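Below: the structure, in structure tokens.
The values are calculated or read from the model by the stated rules, or taken from the named source; none is laboratory data. Owing to the predicted nature of the structure, the values given are computational and were not obtained by experimental measurement. Because the Cβ atoms are built from the backbone with ideal geometry, glycine has one as well, and the counts that use them run over all protein chains shown.
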Amino acid sequence: MDYVTVGHTGTRVSRLCFGTMGFGGTTDMDASQALFRRCLDTGITFFDCANSYSGGQAETILGACVAEAGCRDVVVIVSKVCRPVGDAPNGRGLSRRHIMTEVENSLRRLRTDRIDFYFAHHYDPLAAPEETLRAFDDLQRQGKILHPAVSNWSAWRIAKALGISGREGLARFELVQPMYNLVKRQAEVELFPLVMEERLGALVYSPLASGLLTGLYGLDRRPTAGRLAQPRYTQRYGDDAFYAVADRFSAFARENGHAPAALAVAWAMSHPAVTAPIVGADTPEQLDGILAALDIAMTADLRAAITALSIPPDEGIEREVD
């Protein structure tokens, strides 16, 4: 396993990050613990979570795994705030009130005294950026978070936030988390140039396009169950053009002796702006298949050949995430 530095924070993380969204959902405690132990065995020390995953159970299980292994000073933990966590009027968003309440809940569930990177999970149009950034700065000063981070914001909003942080002397976002895969390349247009210019880290999610790029699906092989069959993901990935890319990519991968899932992760990981992709699995065996991405020599020619199979981001049917 290789390790890289997140931006200019000095914090080193594994080249792959394990996503725990399934903890407490598709994977129970025993299965989650087996996956966590397999991650540690393979050198993965970077774990992504959120306060809203499985109603808070993902944080609870991740905290139990870390405590059982006694590895808190080894692992780097990501969590997030913004999504609804209940029906109360203030049970969501990026207000100071909600952030200060939820960080305490996350710390308790994670059994830790600090969160390494704490994300604004989505953009909140009701909270002024100054309100959110000041709350994150206070949490950093208190030692409850080490660095603020941001997920699912457009590049111009992140640039604006960086400007506010610089002007007001506040802790700035140091890590961004966009969607990035072979059929969703919009991050290449503005976000990745911003990341590289400002020396930010980029932790990208959905490198397998929610399973579309695993080799199981194509124009004539549509999912009837699982995540890709759910309305949210049908809306995101249901276009015929995306399934045509999946067909071309799967054929290319197999012709070149690679498992499609491993090659898709290796491609996403190879962009110079990307710190690490988030990968997920339901079993240690599934994780082992994805780990094969680390053994793929992603040359410039190979990356270019794979990229040519996709739709350029300025020609696709992309929408701003906000």
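Quickly run through segment 77-103 and pick out the residues that are of a type in the set (A, V, I, L, M), under 20 Å from Gln142 (Cα atoms) and surrounded by fewer than 19 Cβ atoms within 10 Å (Cβ to Cβ). If you could, list the steps in order and put the result at the bottom.
First, pick out the residues of segment 77-103 that are of a type in the set (A, V, I, L, M): 77-78, 81, 85, 88, 94, 99-100, 103.
Add one more test, that the residue is under 20 Å from Gln142 (Cα atoms), and what stays is 77-78, 81, 94, 99-100, 103.
Result: Met100, single match.
Got a number for residues in segment 95-116 being touching a strand residue (DSSP E or B) at 6+ places or on another chain (Cβ under 9 Å), touching a residue at least 40 places away in the same chain (Cβ under 8 Å) and in a loop (DSSP other than H, G, I, E, B)?
So the count comes out to 1.
Select, from Gln230, Gln142, the only residue that is without any contact (Cβ under 8 Å) to a residue 40 or more places away in the chain, of a type in the set (S, T, N, Q), out of contact with any Asp or Glu (no Cβ under 8 Å at 6 or more places or on another chain) and under 23 Å from Phe47 (Cβ atoms). Write out each step before concluding.
Values: Gln230 fails: under 23 Å from Phe47 (Cβ atoms).
The unique qualifying residue is Gln142.
Within segment 27-40, can one find any residue that is closer than 22 Å to Val6 by Cβ, without any contact (Cβ under 8 Å) to a residue 40 or more places away in the chain and of a type outside the set (Ser, Thr, Tyr)?
Of the residues in segment 27-40, the ones closer than 22 Å to Val6 by Cβ are 36, 39-40.
Right, trim to without any contact (Cβ under 8 Å) to a residue 40 or more places away in the chain and you get 36, 40.
Within this subset, residues satisfying the condition of being of a type outside the set (Ser, Thr, Tyr) are 36, 40.
Checked against the condition, which is being closer than 22 Å to Val6 by Cβ, without any contact (Cβ under 8 Å) to a residue 40 or more places away in the chain and of a type outside the set (Ser, Thr, Tyr), segment 27-40 yields at least one hit.
Only one of Leu62, Leu110, Leu35 is aliphatic (A, V, I, L, M), closer than 14 Å to Ala281 by Cα, modelled with pLDDT of 95 or more and within 19 Å of the chain's Cα centre (by Cα). Can you tell me which?
Numbers: Leu62 fails: closer than 14 Å to Ala281 by Cα; Leu110 fails: closer than 14 Å to Ala281 by Cα.
None of the other options fit; the residue is Leu35.
Take the residues in segment 162-176 that are more than 15 Å from Ile77 (Cα to Cα) and within 20 Å of the chain's Cα centre (by Cα); name whichever of them is surrounded by the most Cβ atoms within 10 Å (Cβ to Cβ).
The initial filter retains those residues of segment 162-176 that are more than 15 Å from Ile77 (Cα to Cα), namely 162-173.
Now restrict to residues that are within 20 Å of the chain's Cα centre (by Cα): 172-173.
Values: Arg172: 22, Phe173: 24.
Checked segment 162-176; the qualifying residue surrounded by the most Cβ atoms within 10 Å (Cβ to Cβ) is Phe173.
Residues checked against (1) under 30 Å from Asp87 (Cβ atoms); (2) crowded, with 20+ Cβ neighbours inside 10 Å; (3) of a type in the set (Ser, Thr, Tyr):
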site: Thr5; (1), (2), (3): no, no, yes
site: Phe18; (1), (2), (3): no, yes, no
site: Thr27; (1), (2), (3): yes, yes, yes
site: Ser52; (1), (2), (3): yes, yes, yes
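Among the residues of segment 33-83 satisfying the criterion of being in contact with a strand residue (DSSP E or B) (Cβ under 9 Å, 6 or more places away or on another chain) and among the acidic types (Asp, Glu), which is farthest from Tyr205 (Cα to Cα)?
Looking at residues that are in contact with a strand residue (DSSP E or B) (Cβ under 9 Å, 6 or more places away or on another chain) and among the acidic types (Asp, Glu), I get Glu59.
Let me confirm something: among Leu228, Leu309, Leu287, which residue is under 26 Å from Leu191 (Cβ atoms), of a type outside the set (D, E, K, R) and under 19 Å from the mean Cα position of the chain (by Cα)?
On the way: Leu309 fails: under 19 Å from the mean Cα position of the chain (by Cα); Leu287 fails: under 26 Å from Leu191 (Cβ atoms).
That would be Leu228, the only listed residue that is under 26 Å from Leu191 (Cβ atoms), of a type outside the set (D, E, K, R) and under 19 Å from the mean Cα position of the chain (by Cα).
Run Thr234 past the list (1) over 23 Å from Cys82 (Cβ atoms); (2) surrounded by fewer than 24 Cβ atoms within 10 Å (Cβ to Cβ); (3) in contact with a strand residue (DSSP E or B) (Cβ under 8 Å, 6 or more places away or on another chain) and report the number of the one that doesn't hold.
Failed condition: (3).
Being at pLDDT below 95, within 28 Å of Ser14 (Cα to Cα) and not aliphatic (A, V, I, L, M): is that true of Arg227 here?
Numbers: at pLDDT below 95: yes; within 28 Å of Ser14 (Cα to Cα): yes; not aliphatic (A, V, I, L, M): yes.
Yes: the conditions hold for Arg227.
Report, by residue number, each residue of segment 237-260 that is surrounded by 14 or more Cβ atoms within 10 Å (Cβ to Cβ), more than 17 Å from Ala305 (Cβ to Cβ) and not hydrophobic (A, V, I, L, M, F, W, C).
Answer for segment 237-260, where residues must be surrounded by 14 or more Cβ atoms within 10 Å (Cβ to Cβ), more than 17 Å from Ala305 (Cβ to Cβ) and not hydrophobic (A, V, I, L, M, F, W, C): Tyr237, Gly238, Asp239, Tyr243.
Only one of Ala135, Ala127 is over 20 Å from Leu203 (Cβ atoms), part of a helix (DSSP H, G or I) and over 22 Å from the mean Cα position of the chain (by Cα). Can you tell me which? Steps first, answer last, please.
Working: Ala127 fails: part of a helix (DSSP H, G or I).
The unique qualifying residue is Ala135.
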